[in-house]
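The values are calculated or read from the model by the stated rules, or taken from the named source; none is laboratory data. The model shown is predicted, which means the values in this text are computed figures rather than measured ones. Note that each Cβ is placed from the backbone with ideal geometry, even for glycine, and that neighbours are counted across all protein chains shown. For accessibility, only protein heavy atoms count, side chains too; no ligands or nucleic acids. Shrake-Rupley method; radii C 1.70, N 1.55, O 1.52, S 1.80 Å.
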Amino acid sequence: MLEGIIRESTGKKAVKALRRDGYLIANIYGKGLDNVNAAFKSNEYIRTVRNKETIAFPVKVDGKELNVVVQSYESHPLTAELLHVDLMVAQPGVVTHYKVPVNPVGTPVGLKNKAMLNVAKPRLRVKAKIEDLPNTIDIDVNDLDLGDAVMIRDLAEIPNVKFTDDGRVSVLSMIKAK
């Protein structure tokens, strides 16, 4: 389990000192909960997020165990080092917005026709309870040829999960390889 510390000071000087010591700055929030200013060891956080099996994962801050979901993160523009992460508490029974990863399944026909698969939206925004949330949205790409696209309206409906992006938004497409 990922363990973090509470940040006493939220000023620029304190944040820089924590980053120098190898910490990742985090804000933890949830509906009806007080915001928690926390910090996690960067390496431990990255290892935990890479090895998680579900969208939500447990963290321990100030003796409290919370089940959280990554909502957004900020990275350095040159070094790509993580600087800040927003974590939302996944409360059972509460309907809220989540970003679910897209998983293309299969080998497109268009690969033989000098096309390549372009994933325009690697994560789709959905509204659901954490219990109903799928770990990934699998999309069958076997029949896709050059010029074909899969829109949000083309995706199979998932029970108790609503896509919040417009139906005309392209999720993935086959484009001409250069």
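Return yes when LEU146 is touching a strand residue (DSSP E or B) at 6+ places or on another chain (Cβ under 9 Å) and under 25 Å from GLN71 (Cβ atoms) and no when it is not. Here the answer is no, as LEU146 does not meet what is asked. Of the residues making up the stretch 10-17, none is hydrophobic (A, V, I, L, M, F, W, C) and closer than 14 Å to LEU66 by Cα. Every condition in (1) surrounded by fewer than 17 Cβ atoms within 10 Å (Cβ to Cβ); (2) closer than 30 Å to GLY30 by Cβ holds for VAL100 except the one numbered (1). In the stretch 1-59, the residue that is farthest from VAL89 (Cα to Cα) out of those that are under 16 Å from the mean Cα position of the chain (by Cα) and polar (S, T, N, Q) is ASN51.
Across the stretch 107-145, the qualifying residues are those that are among the basic types (Lys, Arg) and open to solvent by 60 Å² or more (accessible area, probe 1.4 Å), and the one among them that is nearest to LYS176 (Cα to Cα) is LYS114. Restricting attention to the stretch 115-130, the residues being of a type in the set (A, V, I, L, M, F, W, C) and outside any strand (DSSP E or B) number 2.
Could you look through the stretch 1-58, keep only residues that are of a type in the set (D, E, K, R) and within 26 Å of LEU124 (Cβ to Cβ), and pick out the one that is modelled with the highest pLDDT?
Within the stretch 1-58, the subset of a type in the set (D, E, K, R) is 3, 7-8, 12-13, 16, 19-21, 31, 34, 41, 44, 47, 50, 52-53.
After this cut, where a residue has to be within 26 Å of LEU124 (Cβ to Cβ) as well, the list is 31, 47, 50, 52-53.
On the way: LYS31: 85, ARG47: 89, ARG50: 86, LYS52: 83, GLU53: 81.
Checking each candidate, the answer is ARG47.
Residues that are without any contact (Cβ under 8 Å) to a residue 40 or more places away in the chain and surrounded by 10 or more Cβ atoms within 10 Å (Cβ to Cβ): list the strands (runs of 3 or more DSSP E) wholly contained in the stretch 1-58 that include at least 1 such residues. Ranges flagged: 23-29, 36-41.
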